[in-house]
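Reading through the structure tokens given below for one structure.
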């Protein structure tokens, strides 16, 4: 075990047992101070934001990989991510030490503490990465089976390629937004009930979320040089929560033959925190049996995956509190992140720091673990019921969707915070 | 007619009648001087490169939109494009005047001419834009009909949605390369002839090009605010040539149900020059009849399109010269660029300067105008024959593909230069 993952490690900052941000986490983000001031790259400890730019300015990242590079003065994490996994490990080691209970440098320097530590409720968290390309996979077998059963044939729900390769598609990067961004219901072409070939212009009637996790690429590769499956983790900086908002009726009409396009391009929400692979190391578990055996370029040593709890909450405008509507887990993925990255680059496609790769909806076998309204209401035929008597098949205006994720040991919890967003009424486009 | 398009306008630089770069063109690019020195944003006139950074430094773009902005000191055109169409028109007007035969400022200042004008063969041209998102449409009816006939049903070659919306998908931006970049044949999963469900790992055997044009977004829109179809040209900076390299056998196995992914992610080549909409204004013609009538958000005034000749040449390693294998035209597109942009943003999706939108393969009705090997060889059943006795169904190692595009009046030619690239043998991946 790496010393930064030692469960006995404690910070001089008090951290609640169920906090997402113990000293073993040290996620990465971008903070904007309330009331003005420059944005700064940050980490988190308990209820505090840690100013990485200030620590760097104070010369406290002085190892061989980081010293003088000034990557934390940037407005995104991309330059830091581009330094590679040895630099990431170095930063984690320094940060863990600076925040630990038995290290005096920060603990005993009140002036430095003032500069470096800010209560979390005094900042707004922004998107910390510049995302060049966004890729979305389709890697949960229960989800792909549910969708295939509903829209195609329950007997042949998975296409023949599904167990041979991680099916995926290119997504829209420009409309990726950080948690807390509310979104107008999209409008476009949908088929009315009475027609199968003449669309109408309408606000989306089947508005949905998709519970996903994403990984962020760190150092990339040159065009022409695939990333081998068992080197992939050196290129993966960390993981985020992803809500892949979806307009099911727009999708159904448009997606043949080239795949989802406008159904997904109006927004994708991500958590403000990126949790590093290093912090998730204790939560690597053996992945599912893969049968048929993947081709050699997809054979991942130990076939690992992550054990991360993932919950979805919905709160309508007339509900007093958010209600949990889904409890899933990252281990419900058939293909792991290393296989996804190896597959996507096997043609020689190049990866750049900040590229985002989402998993696809993470549904489990149980109904309560389905990661979309489409599946939870089984295509609208079986509404969800809420304590105030309301029902939902798909999302209504004013509904706020919140996803959270965390991995537990007996001693501590590594969390992702949350990704939240509200569906606003459609804009008047004058059409 | 805008004065910069006046056919009688002449430059003090001599320009051949069939040059792609008369004073009416003034395309945008990025040059790297041979033998070192800083890259610089540029235009072209005849056989010369025009250094825009030097003109800006000399204070010669001093109008209200450009003065002091220093956008041509940047390493890409993005900042200039972000200024909007009034700034683009201002730059075009200044540049046209500075290069015209009866304007002394540059013509009679030998020292300035030395700084500003460089013979084209003394520079290398680079990719002049930072491309955030790349979208690829499927907007030529003959192409979509050919593909639908070959792979699905000749009686129902077009899906029901095709004439209601410009079908498209998100592409991979990271692997867009400039003309002159050679590419290794991609490798991945393909089906062997004897199986329809068990793939093998192999170099692509059905390697192809696709003749396309692309438009580059200039100033974008805010998330949530669609770009109206009849305002779209204010957001479109210009057009490029695009070769959308395709691995047909990888595509056939992977593309269900989410569309093309690895088949297209290994490279897309573009011309180094972006020709502005302003320069193409004289080549706007009436587009095809659209029946059924598009929904109002897709109704483009005058339903315009462009008349631009597009040719493809192939030269194998054992051929003495390139042979023309396709003569097509941009007017073979059913959906125009305004409709494409209006459609892609109708959900509220945001566009950023530098986003690239390709047309899809531009095939005409005639066999000689088919814009891919897939169609030219009709899925490999009807090989192309070359003067040295060689045949081709798909691209072989060493084949160089060159696309060129130009629009003609009686007086001058507006050209795009060319986009070229060679297929190199597959890399040894040790797999």
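Coordinate-derived values only; no laboratory data. As the structure is a computational prediction, the values presented were derived from the model and not from experiment. Reconstructed Cβ throughout: ideal geometry from the backbone, glycine too, with neighbour counts over all protein chains shown.
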| field | Helix B:85-99 vs. chain B, principal-axis angle (Cα, 0 to 90°, nearest 10) | value | 60
| note | Going from the fewest other Cβ atoms within 10 Å to the most, one would list A:20, A:170 as A:20, A:170
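With all distinct Cα pairs included, what does the Kirkwood hydrodynamic radius of chain B come out to in Å, to one decimal, could you say?
That comes to 22.4 Å for chain B.
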| Got the residue A:200 label distances to the other copies yet, label 7 Å along Cα→Cβ, in nm, shortest first? | 5.3
| query | So what is the 222 nm mean residue ellipticity for chain A from helices alone, if each DSSP H run of at least 4 adds -39500 (n - 2.57) and you divide by all residues, rounding to the nearest 500 deg cm²/dmol? | reply | -4500 deg cm²/dmol
| remark: Connecting every pair of Cα atoms under 10 Å apart in chain B and solving the GNM, the largest mean-square fluctuation among B:372, B:140, B:202 falls on B:202
| query | What is segment A:1-95 by shape, rounded, prolate or oblate, if you read a ≥ b ≥ c off the alpha carbon gyration tensor as root eigenvalues and call it rounded for a/c under 1.5, prolate for a/b larger than b/c, and oblate otherwise? | reply | oblate
| task | Between the label point of residue B:182 and that of the same position in each other copy, find the distances and list them shortest first in nm, with every label point placed 7 Å from Cα along the Cα-to-C-beta direction. | result | 5.8
| query | Distance from the Cα centre of segment B:149-220 to that of segment B:265-311, in angstrom? | reply | 21
| request: Mind listing the label-point distances from residue B:32 to the same position on all other copies, shortest first, one decimal in nm, points 7 Å along Cα→Cβ? | output: 3.6
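Can you order the peptides B:329-338, B:378-387, B:4-13 by their average number of other Cβ atoms within 10 Å per residue, highest first?
On the way: B:329-338: 24.4, B:378-387: 13.3, B:4-13: 17.2.
Averaged packing, sorted descending, gives the order B:329-338, B:4-13, B:378-387.
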| remark: Expected response for nearest chain B Cβ to the B-A rotation axis, distance in whole Å, is B:259, 1
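So for A:14, B:281, fewest C-beta neighbours within 10 Å to most, what's the order? Don't jump to the answer; show the numbers that get you there.
Working: A:14 11, B:281 16.
With the fewest neighbours first, A:14, B:281 line up as A:14, B:281.
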| query | segment B:35-71 to segment B:372-386: how many Å between their Cα centroids? | reply | 45
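Compute the relative contact order of chain B as a whole-number percentage, counting only Cα pairs closer than 8 Å that sit 6 or more residues apart in sequence.
Computed value for chain B: 21 percent relative contact order.
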| request: Please give the peptides A:242-254, B:179-191 ranked by average Cβ packing (other Cβ atoms within 10 Å per residue), highest first, as a rough proxy for protection. | output: A:242-254, B:179-191
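List the relative contact order of segment A:3-126 as a percent without decimals, with contacts defined as Cα pairs under 8 Å and 6+ residues apart.
Answer for segment A:3-126 is 31 percent.
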| said: Nearest 10 degrees is fine. How inclined is helix B:141-151 to the longest principal axis of chain B, computing both from alpha carbons? | reply: 20
| query | Per residue of A:335-348, what is the mean number of Cβ atoms on other protein chains within 10 angstrom of that residue's Cβ? | reply | 4
| field | Theoretical FRET efficiency, 1/(1+(r/R0)^6), r = Cβ-Cβ of residue B:302 and residue A:303, R0 51 Å, to 0.05 | value | 0.30
| request: Give me A:222, A:418 ranked fewest to most by other Cβ atoms within 10 Å of their Cβ, as a rough exposure proxy. | output: A:222, A:418
